[in-house]
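Notes for the one structure printed next.
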């Protein structure tokens, strides 16, 4: 009798093994992500990490580095993927990482990401509607915050990629003599910008979506996007820069996943997940607003992820099903 029970149990285990392997095709594989040290990018990254875990992968603690270094980490094999690669903006970083021979941009995690320059609505209604207006020293002085007579632009952190576009524009549109590109810790710079706005002072700043700033300074209500004199992107880049009837100066972009080619080839389940995973940009902006309102701990962000998955369970389960099928 004991032998029969053992044999039956062993047979049951063997029968279950293919199903387990199919459900968790990543079992035994450790995935090494690289992410930026930005709370506002943790949400979509952790949704992917959760999906990888549900597929059986072990997700290592991510390397936290700026975008340029993150791409290089993937290219050199120090990381397997970076989930926040802007398709047009970060194209030079992909090339620096080895290009198509080494890495691949997979899927479109977030569509419709914007970047550009904005001013307070009062300044816009007073006629400051184009970045090129700042070539006039008298007009640029409206946005002078340090007394040197030049407009002060709350700008982009070096290493993000946006700084390359802004620096290109300052030269291309002849603004070097009239505009200062203030760079540093972005949250500190934008906090000062918001404080100036609340005090009724003119503001000039760069930002992007999805991000919480456009919930604090609402385009169309508090601020307006500026047009630029004409479309011009650095490094020979091209893309659609038109939004709401304006040429913004930055390409309307998509956020994609950059992964090593050898990792994708060895892990078809992860490759398919990266291909099909999508998060609505409005969901990301809404979560970023929760962070700005104080829900900014790691546990808070994990709760945001859990809530998003619960609200999109069928969609999320569909990602996993396609990934498991790809691994068969």
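Computed from the coordinates by the stated procedures, all read-outs in this text should not be read as laboratory data. Predicted model, so just to flag it, every value in this text is computed and none were measured. Note that each Cβ is placed from the backbone with ideal geometry, even for glycine, and that neighbours are counted across all protein chains shown.
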In whole Å, largest first, the alpha carbons of the chain cover along the principal axes 96, 41, 31
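What does the helix-only formula give at 222 nm for the chain: each DSSP H stretch with n ≥ 4 adding -39500 (n - 2.57), the total divided by the residues, and the result rounded to the nearest 500 deg cm²/dmol?
Details: 14 runs with 146 residues, N = 328.
Helix-only estimate at 222 nm: -13000 deg cm²/dmol.
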Connecting every pair of Cα atoms under 10 Å apart in the chain and solving the GNM, the largest mean-square fluctuation among 155, 147, 26 falls on 147
Helix 313-326 sits at what angle to the longest principal axis of the chain, using alpha carbons and giving 0 to 90 degrees rounded to 10?
60 degrees
Please report how far the C-alpha centroid of the stretch 19-60 lies from that of the stretch 267-310, rounded to the nearest whole angstrom.
13 Å
The stretch 93-163 versus the stretch 184-212: alpha-carbon centroid distance in Å:
12 Å
For the stretch 113-247, take N as its residue count and report Rg(C-alpha) divided by 2.2 N^0.38 Å.
0.97
Give me the angle, in degrees from 0 to 90, between the Cα long axis of helix 39-54 and the longest principal axis of the Cα atoms of the chain, rounded to the nearest 10.
10 degrees
Ranked on Cβ counts within 10 Å of their own Cβ, fewest leading, 125, 40, 275 go 125, 275, 40
May I ask you to sort 207, 69, 171 by Cβ crowding, counting other Cβ atoms within 10 Å and putting the fewest first?
171, 69, 207
How far, in degrees from 0 to 90, does helix 186-198 lean away from the longest principal axis of the Cα atoms of the chain, to the nearest 10?
50 degrees
Using Cβ counts within 10 Å as a stand-in for footprinting exposure, how do 30, 209 rank, fewest first?
30, 209
